[in-house]
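Quick notes on the structure that follows.
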Amino acid sequence: MTTALISLLDDVLRRNAGEPEFHQAAREVFGSLGPVLDRHPRYAEAAVLERLTEPERQLIFRVPWTDDQGRVRVNRGFRVEFNSALGPYKGGLRFHPSVTLGTVKFLGFEQIFKNALTGLPIGGGKGGSDFDPKGKSDAEVMRFCQSFMTELYRHLGEHTDVPAGDIGVGGREIGYLFGQYKRITNRYESGVLTGKGVGWGGSLVRTEATGYGAVFFAQRMLATRGRDLDGARVLVSGSGNVAIYAIEKVHQLGGTVIACSDSSGVVHDPAGIDLDLLRQIKEVERGRLSDYAARRAGAEYLPNGDIWALAATTHVDVAMPCATQNELDATAATTLANHGVAAVVEGANMPCTPEAVAVLRAAGVLFAPGKAANAGGVATSALEMQQNASRDAWTFEYAEQRLSDIMTNIHDSCAETAAEYGEPGDYVLGANVAGFVRVADAMLALGVI
């Protein structure tokens with residue numbers, strides 16, 4: 001980084017003290033922008049980075065609700081409306097005990113570039129709460145969602161801010177949130193939330209989009225080295241929505257996912273993960289992966305295991321971290337690189353630590369950052385908005401083809417930008433610069449706002 005960039009980054013870290021996730025995201029972006037600022041000094045002259053790192057609006061609010069025993073509970077809600085230069089704020093809501101303002105700012109900052117890379121007219125934002133839906137009854141989740149939306153609704157709108165789901169926020173939560181928005185506003189404004197049920201304004205492929213999109217990106221990236229997923233052996237961390245649909249698409253393309261994980265351990269299934277069984281346990285029974293191993297011949301359960309360590313004992317071609325941030329560290333990256341893994345594709349948001357990314361890039365492993373590889377979810381959310389605006393509904397095949405085309409375009413934009421700046425194959429630089437330039441040009445066109 002140049003002296004000017006280092007000084008600016010220091011100021012960003014100082015102004016956002018105690019927010020390590022946001023610091024990490026800012027460092028990662030700043031580390032790529034020296035060449036583009038040298039080539040285009042107008043961005044520095046207009047203080048684009050100073051404006052880009054300061055959210056347009058940060059909302060923190062109290063969310064009181066009543067549990068099934070009649071006790072009043074209180075959680076904290078967040079919405080960071082980061083940048084609207086390209087369109088209405090767009091980004092998910094995360095319900096998880098770990099959610100803090102720093103978490104939401106990190107996710108929102110990443111969302112700016114991710115959304116820009118899709119080429120669609122959507123800005124960047126993110127939100128959520130430290131509420132934990134696990135172990136709560138449907139009635140408790142409904143009461144919480146209604147309280148959450150009672151505060152947030154005044155900041156939303158199909159041309160203003162359009163949330164979606166994220167960790168802890170699925171179809172059930174989106175339904176309760178949308179119902180309360182509709183009740184308060186007396187409007188069936190279906191474009192104000194995405195991830196809705198297909199029967200009431202949702203889009204086919206939205207559920208599958210993030211996992212599918214990451215696999216489409218991986219396929220395109222592998223093709224640059226004359227490889228593909230047919231016959232590949234793949235590790236996919238996590239066992240939630242993103243992981244399940246990444247596994248499904250890998251299998252459809254001829255690969256074999258041999259392991260996945262949850263917060264309690266890892267299941268290694270050399271014959272390939274049985275998706276029907278995995279869905280039954282995780283989505284229907286809401287069980288643990290230990291249940292999978294108990295019911296699947298040949299599968300091994302590793303309590304508190306490290307999924308990436310499997311690369312040291314069995315052949316692996318591709319690794320896809322699809323669980324949560326900072327789950328793949330430098331030790332794991334070294335294991336993957338030293339045992340012939342060709343590509344690491346981030347299905348989650350920033351799941352690789354900065355040290356891990358440095359190891360992978362230095363070793364020549366193809367590395368796809370989340371802001372590019374997992375953009376399929378928000379891209380299909382934008383397609384859902386299109387359908388809502390036109391009162392239309394697309395077929396699964398058409399929506400999936402649109403997703404595939406968008407992921408191909410994202411890949412090619414990253415690859416071409418990296419080559420343009422003298423670093424062919426560097427998808428981190430390509431994603432950061434391509435996303436930044438699109439947002440920065442829009443900000444310049446709109447004036448000092």
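The values are calculated or read from the model by the stated rules, or taken from the named source; none is laboratory data. Small disclaimer: the values here were computed from a predicted structure and weren't measured. Positions of Cβ are backbone-derived with ideal geometry, glycine not excepted, and every protein chain shown enters the neighbour counts. Ligands, DNA and RNA are excluded from the accessible area calculation, which covers all protein heavy atoms including side chains. Shrake-Rupley method; radii C 1.70, N 1.55, O 1.52, S 1.80 Å.
Of note:
- Residues being touching a Leu at 6+ places or on another chain (Cβ under 9 Å) and surrounded by fewer than 16 Cβ atoms within 10 Å (Cβ to Cβ) - total across the stretch 19-30: 1
- Given (1) open to solvent by 10 Å² or more (accessible area, probe 1.4 Å); (2) assigned to a strand (DSSP E or B); (3) more than 25 Å from N16 (Cα to Cα), index of the condition G135 fails: (2)
- Whichever residue in the stretch 147-193 is touching an Asp or Glu at 6+ places or on another chain (Cβ under 6 Å) and assigned to a loop (DSSP other than H, G, I, E, B) and, among such residues, is surrounded by the fewest Cβ atoms within 10 Å (Cβ to Cβ): E158
- The number of residues in the stretch 204-246 being of a type in the set (D, E, K, R) and in a helix (DSSP H, G or I) comes to 1.
- Hits in the stretch 1-10 - residues which are part of a helix (DSSP H, G or I), open to solvent by 60 Å² or more (accessible area, probe 1.4 Å) and free of Cβ contacts under 8 Å to residues at least 40 places away in the same chain: T3, I6, S7, D10
- Any hit, the stretch 402-421, residues being over 17 Å from V198 (Cβ atoms), small (G, A, S), out of contact with any Phe, Trp or Tyr (no Cβ under 8 Å at 6 or more places or on another chain) and open to solvent by less than 60 Å² (accessible area, probe 1.4 Å): yes
- Residue in the stretch 309-333 that is modelled with the highest pLDDT, counting only those that are in a loop (DSSP other than H, G, I, E, B) and in contact with a Gly (Cβ under 7 Å, 6 or more places away or on another chain): C322
- Enumeration of residues in the stretch 309-332 that are open to solvent by less than 30 Å² (accessible area, probe 1.4 Å) and within 20 Å of the chain's Cα centre (by Cα): V318, A319, M320, P321, C322, L328
- Among (1) farther than 29 Å from T160 by Cα; (2) open to solvent by 10 Å² or more (accessible area, probe 1.4 Å); (3) assigned to a helix (DSSP H, G or I) - the single one G364 does not satisfy: (3)
- Within the stretch 24-52, residues that are in a loop (DSSP other than H, G, I, E, B) reach partners that are acidic (D, E) and at pLDDT 95 or above with beta carbons closer than 9 Å, at six or more positions or on different chains, in the pairs S32/D426.
Quick grid of which residues meet (1) modelled with pLDDT of 95 or more; (2) more than 30 Å from T118 (Cβ to Cβ):
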| position | (1), (2) |
| --- | --- |
| M221 | yes, no |
| T224 | yes, no |
| A246 | yes, no |
| T256 | yes, no |
| V267 | yes, yes |
| R286 | no, yes |
| S290 | no, yes |
| L302 | yes, yes |
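- Among the residues making up the stretch 291-308, a single one is buried (at least 16 other Cβ atoms within 10 Å of the Cβ), without any contact (Cβ under 8 Å) to a residue 40 or more places away in the chain, assigned to a loop (DSSP other than H, G, I, E, B) and not aliphatic (A, V, I, L, M): R296.
- Residue in the stretch 47-56 that is open to solvent by 60 Å² or more (accessible area, probe 1.4 Å), out of contact with any Lys or Arg (no Cβ under 9 Å at 6 or more places or on another chain) and closer than 17 Å to T324 by Cβ present: no
Yes or no, residue by residue, for (1) in contact (Cβ under 8 Å) with a residue 40 or more places away in the chain; (2) under 24 Å from the mean Cα position of the chain (by Cα); (3) open to solvent by 20 Å² or more (accessible area, probe 1.4 Å):
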position	(1), (2), (3)
G199	no, no, yes
V205	yes, yes, no
E208	yes, yes, yes
F216	yes, yes, yes
V236	yes, yes, no
C260	yes, yes, no
R279	no, yes, yes
L289	yes, yes, no
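- Residue count for the stretch 120-132, restricted to those that are surrounded by fewer than 18 Cβ atoms within 10 Å (Cβ to Cβ) and either in contact with a helix residue (DSSP H, G or I) (Cβ under 7 Å, 6 or more places away or on another chain) or more than 28 Å from L383 (Cα to Cα) (or both): 2
- Residues that are in a strand (DSSP E or B) and open to solvent by less than 10 Å² (accessible area, probe 1.4 Å) within the stretch 62-77 comprise V63, G77, listed in sequence order.
- Residues satisfying the stated conditions in the stretch 333-359, i.e. over 23 Å from F22 (Cα atoms) and within 20 Å of the chain's Cα centre (by Cα): A343
- Taking (1) at pLDDT 95 or above; (2) in contact with a Ser or Thr (Cβ under 8 Å, 6 or more places away or on another chain); (3) open to solvent by 30 Å² or more (accessible area, probe 1.4 Å) in turn, E355 satisfies each apart from (2).
- Lone qualifier among A389, A445, A434 - being in a helix (DSSP H, G or I) and buried (at least 16 other Cβ atoms within 10 Å of the Cβ): A434
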